[in-house]
Amino acid sequence: MSRRIEINRDLHIGDKSFNIIAGPCAVENYKQMDEIGEFLQKMGVKILRGGAFKPRTNPNSFQGLGLEGLEILYDIKQKYGFSIISEIMDPRDIDSSHDYIDIIQIGSRNMQNFSLLKEIGKTNKPVMLKRGMSATIKEWIMAAEYIRAEGNEKIILCERGIRTFEDYTRNTLDLMSVPILKEISDYPIFVDPSHGTGRKELVLPASKAAKALDADGIIVEIHPEPEKALSDGMQSLNFKEFEDLYKELI
Ligand code: PEP
Ligand code: MN
């Protein structure tokens, strides 16, 4: 059984719970987040995702709204009562994001950014450590150890797919990491079916598989109009698609 990680007084991750985290790839503007917030609150989702600092492959792609994005997330949190998960890429942003973020996300590209891991290890915030796209399970556990060694034990792992020769999907979702990590550690383990597949039509089967394997939850990208999303539209579900997924899993 996974350890229990308290997010707030009424919400925890791990310890036999199954949590569905949802939200857009990136915070784009207030209206987008307000629509998503209203919808997810109605659905009963408790944790909202949304990137303010975006690690983009191309430096000319939308990089996220930065602090302004965190402020929008904070307004939506106040209005609808979510806990917020968002990525931090730079140790210099840890202090300024402290009051805005409830769970710090460490992205795939930063799984072995040891300075970042150490600094986040010094905070007492829950942290979701995504698997590096070329990382073995052992390397991933060692990365978690960097955080734990600094005193922060509130670590959640997230399988988000690895790079293989297969290019039909964006990544190859290595779902066997779920039972393997259950065997060798007690960290809660989430699955990201959105980045793990890169294709919206595969998000439901990947999510069902994650639940069948006793994952502690999933983190899913949604958007009111995926075809207009500034990032990751191909893998984002619209509201109807998310509702169908949610009903099937809960
Ligand atoms: C994300 O969750 O938006 C993201 C960038 O994921 P990853 O770090 O897994 O690519
Ligand atoms: Mn994304």
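Values as computed for the structure displayed
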| read-out | value |
| --- | --- |
| Ranked order, HIS98, HIS12 - accessible area, probe 1.4 Å, largest first | HIS98, HIS12 |
| Distance between segment 86-127 and segment 1-49 - C-alpha centres, whole angstrom | 18 Å |
| Rg/Rh ratio calculated on Cα atoms of segment 1-67 (Kirkwood radius) | 1.07 |
| Accessible surface of segment 64-184 [probe 1.4 Å, protein heavy atoms]: carbon and sulfur percent | 49 percent |
| With eigenvalues of the C-alpha gyration tensor scaled by 5 and rooted, the chain, Å | 23, 21, 19 |
| Simple label model, 7 Å out from Cα along Cβ direction - LYS228 to SER61, nm | 2.1 nm |
| Over 12 Å [Cα-Cα, segment 152-208], rounded percent | 64 percent |
| Segment SER115-GLU150, length gained on full extension (0.36 nm per residue, minus Cα span) | 11.5 nm |
| Value of [θ]222 nm, deg cm²/dmol, for the chain, DSSP H segments ≥ 4, -39500 (n - 2.57) each, nearest 500 | -10000 deg cm²/dmol |
| Cross-link pairs beyond the 20 Å C-alpha cut-off, checked among LYS154/LYS211; LYS122/LYS154; LYS54/LYS240; LYS42/LYS77; LYS79/LYS228 | LYS154/LYS211; LYS54/LYS240; LYS79/LYS228 |
| Where the Cα pairs of segment 183-250 fall when distances are cut into 5 Å bins, in % | 3, 18, 27, 23, 14, 8, 4, 2, 0 |
| Near-label residues of segment 183-206 by backbone N, under 18 Å of a point 7 Å along Cα→Cβ of LYS42 | none |
| Dimensions in Å of segment 1-122 - Rg and Dmax from alpha carbons | 14.5, 43 |
| Rounded FRET efficiency, nearest 0.05, which uses the C-beta distance separating LYS208 from THR164 and R0 of 30 Å | 0.85 |
| Accessible area (Å², 1.4 Å probe, nearest 10) - THR197 | 10 Å² |
| For ILE5, solvent-accessible area (1.4 Å; no DNA, RNA or ligand), Å² | 0 Å² |
| D (Stokes-Einstein, µm²/s), Kirkwood Cα radius, segment 47-186, 0.692 mPa s at 37 °C | 208 µm²/s |
| Value of Rg/Rh across segment 137-250 [Cα atoms, Kirkwood radius] | 1.00 |
| P(r) histogram, all alpha-carbon pairs of segment 56-134 included - 10 Å bins from 0, percent | 17, 48, 31, 4 |
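The values are calculated or read from the model by the stated rules, or taken from the named source; none is laboratory data. Worth saying up front: this structure is predicted, and the values here are computed from it rather than measured. Every residue, glycine among them, receives a Cβ derived from its backbone with ideal geometry; neighbour counts consider all protein chains shown. Each accessible area value is taken on the protein alone, full model and side chains, heavy atoms only, with ligands, DNA and RNA left out. Shrake-Rupley method; radii C 1.70, N 1.55, O 1.52, S 1.80 Å.
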